Amino acid sequence: MVDAATNTTETYVWNADGTLASFPGPGYTRLLEYDEEGRLVRIRRDYGGGNVQLAYEYGYGFDGGRRWRKDYLNGVWTRYPCGVACGAGDLVEQQKPLEGGSWTVSALYLQGISLVRRNSEWHHFDPLGTAQVITNNSAGVVSNNLYDVFGVLRHQQGSAQTPWRWQWIQWGWGGLTMVRSGNRRSSG
């Protein structure tokens, strides 16, 4: 695939079951691994020459909803402790260092139609599922960004950034469940 903006060729590889197996990163290739249910469980970075490093791991609950993420690049373990029980209120995100320590609340999410509140920011989604506009609690626009269909930032206005921009993997709510098509949140 040729990126028209950078005139570079990018190679995407899919497994026989239609899941994305690998795609390029800056200076490495991302390698994706799935469990028998087709859920993303691991992302590795292949820097070439046999240098492959584990970047992220994901765990799921009995209902298929994501319950935790280990970010080995930043040394952070993130969990979503209440899962579907949060349906009546905020989804709680907690974090702690991988080497140990206490869990602390890092974000509170509330989902609406084409809208997600993350702490005091409201992320508004376009028809492709990219959160291009971010507003504050007073409905003031704090960021208005334009992304292409691959999640690459093409125009930036404002300082707030959204984690929901990449077009191949979708993160649902009730535990941030991975789905193989659509969009909600990028990762690594």
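The values are calculated or read from the model by the stated rules, or taken from the named source; none is laboratory data. Values in this document were obtained by computation on a predicted structure and should not be read as measured data. All Cβ positions, even for glycine, are placed from backbone atoms using ideal geometry, and neighbour counts span all protein chains on display.
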Item to complete: Would you be able to say whether some residue in region 47-65 is at pLDDT below 90, in a loop (DSSP other than H, G, I, E, B), in contact with a strand residue (DSSP E or B) (Cβ under 9 Å, 6 or more places away or on another chain) and on the phi < 0 side of the Ramachandran plot?
Response: yes
Worksheet item: How many of the residues making up region 1-30 are outside any strand (DSSP E or B) and either at pLDDT below 85 or hydrophobic (A, V, I, L, M, F, W, C) (or both)?
Response: 8
Worksheet item: Given the structure, is Ala107 modelled with pLDDT under 55, of a type in the set (A, V, I, L, M, F, W, C) and outside any loop (DSSP other than H, G, I, E, B)?
Response: no
Response to the item:
Leu73 passes all but one of the listed conditions (1) more than 20 Å from Ile43 (Cα to Cα); (2) surrounded by fewer than 17 Cβ atoms within 10 Å (Cβ to Cβ); (3) at pLDDT 85 or above; the exception is number (1)
Item to complete: Give the residue that is surrounded by the fewest Cβ atoms within 10 Å (Cβ to Cβ), with candidates limited to residues of region 1-55 that are among the hydrophobic types (A, V, I, L, M, F, W, C) and in contact (Cβ under 8 Å) with a residue 40 or more places away in the chain.
Response: Ala5
Worksheet entry | Residues that are under 22 Å from Trp122 (Cα atoms) and either in a loop (DSSP other than H, G, I, E, B) or modelled with pLDDT of 95 or more (or both), drawn from region 82-104 | Cys82, Gly89, Asp90
